[in-house]
Amino acid sequence: MAFECLFESIELGLWYYRSAGDVLEDDPVGRLKVYVYELPTKYNKKMVAKDSRCLSHMFAAEIFMHRFLLSSAIRTLNPEEADWFYTPVYTTCDLTPWGHPLPFKSPRIMRSAIQFISKRWPYWNRTEGADHFFVVPHDFGACFHYQEEKAIERGVLPLLRRATLVQTFGQKDHVCLKEGSITIPPYAPPQKMKTHLVPPETPRSIFVYFRGLFYDTANDPEGGYYARGARASVWENFKNNPLFDISTDHPPTYYEDMQRAVFCLCPLGWAPWSPRLVEAVVFGCIPVIIADDIVLPFADAIPWEEIGVFVAEDDVPKLDTILTSIPMEVILRKQRLLANPSMKQAMLFPQPAQPGDAFHQILNGLARKLPHSKDVFLKPGQKVLNWTEGPRGDLKPW
């Protein structure tokens, strides 16, 4: 009977392996055409020239998506035949001395870019952005703030309410995730990760692994607000548990250590998502997702329930019991699914692009939204968006 159950588990795993692979390997070429607006370089290239750190932080997808589209086969130079319009504006490339994006200018940068395209081309005005997509990889997407309370208060930038947003932030029933958005993985450097690969036969001798903050005393001195207390709970409950290799230290062997671990904790921080999710999948470490109501990247193509473990934030004190109770055949099935090259490729933004990578998953997501419904196009003279809506500071020129 045990062998029959194990056989069924393997069969189920292989079914998911094939179906996920089939969807992940879809080719968007021939299914859509994208017109890339040509903006003044102050909106993109000059920002990178001023601070090259923008190319390596977790928000860099906006830069590499632009570069990918410029040479992509789905790009059209004729806007009249375009299905989608893309505005290459880098709203996260304004960094502190410590390399953290400052979102405070982002609404003004975005508004300025939209004003530019609306005056130079007719395509924005005919739909008020409903056939346009924007990459907004901030902590809380187009709400443009790193603290959730402030992000909720701000809401999505009013001028983007009809556009499709391509963003790392994803949480169900949240004001910063508008309907129809495409949730993507954060940027993790593919070449750097590749140089740290260990032999596949390396044993996974670490049961649970995590490196990162448990408290953010600089921004949350009283504690409990950062990560909604989930990270603090991990530390307080398991800092002395021998099954848990957890620390704030970030060793040079970080990537290698993940490849030696069975489970990698992926708790929320200020936002529900983090690069650990990408790292865990790429390195075959079962992601333990601790972020209630998270919307995961490319959830229509990646079988997250089959490759990961979901733990409610309130259940963190029971984390050891939950993980040690998972049957070995289930662990092996998850590891086999994670070994699928298509799964790993879908989480990365490589340069040059490769079939099935995150760039192509974004395009597949856009292609699945076609054809546009008739209500996308406005009647002559019809206006839906209010250009003067929003906080006063957002309305200042940039």
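Worth pointing out:
- Scanning the chain for DSSP H helices at least 18 Å long along the axis (C-alpha atoms) with a Kyte-Doolittle mean no lower than 0.0 picks out 2-24.
- Residue-normalised accessible area of the range 190-347, given per residue in Å² at a 1.4 Å probe: 43 Å²
- Loop GluC sites (Glu not before Pro), the range 221-316, which have at most 16 other Cβ atoms in a 10 Å radius of their Cβ (DSSP): 222
- In the calculated pair-distance distribution of the range 293-342, the portion above 15 angstrom amounts to 55 percent of the Cα-Cα pairs.
- Phi-based couplings in Hz for the range 83-89 (Karplus 6.51, -1.76, 1.60; Gly and Pro marked x): 8, 9, 10, 10, 10, x, 10
- Amide H contacts under 5 Å for residue 95, placed H, 5+ residues apart: 102
- Legend: distances between Cα atoms for 50/105; 42/396; 45/396; 46/105; 42/192; 150/383; pairs beyond 20 Å are 45/396; 42/192; 150/383.
- Counting only residues at least eight positions apart within a chain, or on another chain, the lysines with an alpha carbon under 16 Å from that of residue 239 are 318.
- Extent along the principal axes, Cα only, for the range 190-347: 43, 34, 31 Å, with the longest axis given first.
- Solvent-accessible surface ranking, highest first, for 105, 396 at 1.4 angstrom: 396, 105
- Listed by chain and number, the aspartates and glutamates whose alpha-carbon sits under 12 Å from that of residue 374, ignoring those within fewer than 8 places in the same chain, are 131.
- The share of accessible area on the chain that comes from carbon and sulfur is 54 percent, using a 1.4 angstrom probe.
- As a length-normalised measure over Cα pairs under 8 Å and 6 or more apart, the relative contact order of the chain settles at 20 percent.
The values are calculated or read from the model by the stated rules, or taken from the named source; none is laboratory data. The structure displayed is predicted, hence computed values, not measured ones. Every residue, glycine among them, receives a Cβ derived from its backbone with ideal geometry; neighbour counts consider all protein chains shown. SASA here: full protein model, heavy atoms, side chains in, ligands and nucleic acids out. Shrake-Rupley method; radii C 1.70, N 1.55, O 1.52, S 1.80 Å.
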